[in-house]
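All remarks here apply to the structure that follows.
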């Protein structure tokens, strides 16, 4: 069985808002064995939304429409769904009374326009809202079910889990969708696909998706079977083959990011870490400290953006900076050594480079990054050059490379 999700709201079509409800709904539907075949975002336009609901109801067993159930004129979901299904709307006085009672509990009078939220599509089952004023609706229409849910995430999640999931469990045949996520670093997307495509192309189930973002690669394997055990076995079958082909390029088999994997190894080895950053401006430290409990191994970091700060805080010799420049292997080594010495950390990572888009004097070319790793036995430096078209991308690649290099040393 399949589903389509329609997020309603013109604000969702701006760069300031992200539709997170569809992510939650997809996970919940997958756990029930329902495949999400499409997602859509539609603005506050009655005719356009009605057309989209009509089309989706003809293509999917379940259509979930989220948002647009408020009391104002731009909340068009009820009207659009009624038009799409060619049904009238009926006013329910008991819903209006419940909304008014909710306002009284907040010592506020109910505006007259809130009565619009008591309009229910003919034939719909009412889904009560324990977190807000707008009820949801479950509408069976031929072979399809159209489900209307409120937009605020805390309202939508509660309503779906309490009222929609039990209904769906009674309808949906036993089916399990399970996912295996492998995360890879230290190779390009094209190299990754060239390596594993001969394996995954032999399978229609599970479905394989390769994702790439700033040097972090992910292989998503989604198996759809009649039971959870069958799905897990199928994922294991293909997963073992891919793992054998990629070897140590795989750093995570449970979707954990690289900073979490590094942190876990540091804890296991009772080791500590410090950072010294120039080009990334603290981005590496931000990733490391984003992991809960990272204070057990992360001592802190230095953001030494100028030559003077490299000297004052890390003890990088002025003569070295003058001779080799701030973007050099020698400076990266001295930064890592200085960070380790000043903090007494087991390990220290340094990043220096030119993220662009311009150069300053005789600095290294834009996109040139040096990463230093200082450990108990030695200091190593790696040099990478990335296309210089995107400053944030260069910085993100640099942080990813630094974590990948340390992760390999922690084996």
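The values are calculated or read from the model by the stated rules, or taken from the named source; none is laboratory data. Everything numeric here is computed off the predicted structure, so don't read it as measured data. All Cβ positions, glycine included, derive from the backbone under ideal geometry; neighbour counts span all protein chains shown.
Just one residue in the set 33, 67, 123 is over 19 Å from residue 139 (Cβ atoms) and touching a strand residue (DSSP E or B) at 6+ places or on another chain (Cβ under 7 Å); that residue is 33. The residues of the range 5-22 that are under 27 Å from residue 34 (Cα atoms) and assigned to a helix (DSSP H, G or I), listed by number, are 12, 13, 21, 22.
Restricting the search to strands (runs of 3 or more DSSP E) fully inside the range 33-102 and requiring at least 2 residues that are closer than 30 Å to residue 176 by Cα gives 35-42, 62-66.
Of the residues that make up the range 89-110, is at least one surrounded by fewer than 20 Cβ atoms within 10 Å (Cβ to Cβ) and touching a residue at least 40 places away in the same chain (Cβ under 8 Å)? Within the range 89-110, not a single residue is surrounded by fewer than 20 Cβ atoms within 10 Å (Cβ to Cβ) and touching a residue at least 40 places away in the same chain (Cβ under 8 Å). Set side by side, the residues 6, 113 differ, and just one is touching a helix residue (DSSP H, G or I) at 6+ places or on another chain (Cβ under 7 Å) and assigned by TED's automatic domain parsing to the domain that holds residue 146, which is 6. Residues in the range 1-57 that are crowded, with 22+ Cβ neighbours inside 10 Å, farther than 29 Å from residue 207 by Cα and free of Cβ contacts under 8 Å to residues at least 60 places away in the same chain: 49 alone. Look at residue 151 and say whether it is under 21 Å from residue 70 (Cβ atoms), in a loop (DSSP other than H, G, I, E, B) and in contact with a strand residue (DSSP E or B) (Cβ under 8 Å, 6 or more places away or on another chain). It is true that residue 151 is under 21 Å from residue 70 (Cβ atoms), in a loop (DSSP other than H, G, I, E, B) and in contact with a strand residue (DSSP E or B) (Cβ under 8 Å, 6 or more places away or on another chain). With respect to residue 180, is the statement that it is more than 30 Å from residue 367 (Cα to Cα) and either part of a strand (DSSP E or B) or out of contact with any strand residue (DSSP E or B) (no Cβ under 6 Å at 6 or more places or on another chain) (or both) true? When the stated conditions are applied, residue 180 passes them. Scan the range 297-319 for residues that are out of contact with any helix residue (DSSP H, G or I) (no Cβ under 6 Å at 6 or more places or on another chain) and either under 23 Å from residue 263 (Cα atoms) or surrounded by 18 or more Cβ atoms within 10 Å (Cβ to Cβ) (or both) and report the count. Here the count works out to 3. Checked against the criterion of being farther than 28 Å from residue 364 by Cα and touching a residue at least 40 places away in the same chain (Cβ under 8 Å), the candidates 267, 235, 273 yield just one match: 235. Scanning the range 137-167 for residues that are within 30 Å of residue 238 (Cβ to Cβ) and either buried (at least 22 other Cβ atoms within 10 Å of the Cβ) or outside the structural domain of residue 81 (by TED's automatic domain parsing) (or both) yields nothing. All conditions in (1) in contact with a helix residue (DSSP H, G or I) (Cβ under 6 Å, 6 or more places away or on another chain); (2) under 25 Å from residue 257 (Cα atoms); (3) in a helix (DSSP H, G or I); (4) at pLDDT 95 or above hold for residue 340, with the sole exception of (1).
Taken together, the residues in the range 364-384 that are at pLDDT below 90 and surrounded by fewer than 18 Cβ atoms within 10 Å (Cβ to Cβ) amount to 1. Among the numbered conditions (1) in a strand (DSSP E or B); (2) within 17 Å of residue 325 (Cβ to Cβ), the only one that residue 364 does not meet is (1).
Conditions (1) farther than 22 Å from residue 20 by Cα; (2) free of Cβ contacts under 8 Å to residues at least 60 places away in the same chain; (3) not in a helix (DSSP H, G or I), marked per residue:
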residue	(1), (2), (3)
147	no, no, yes
160	no, no, no
169	yes, no, no
191	yes, yes, no
194	yes, yes, no
208	yes, yes, yes
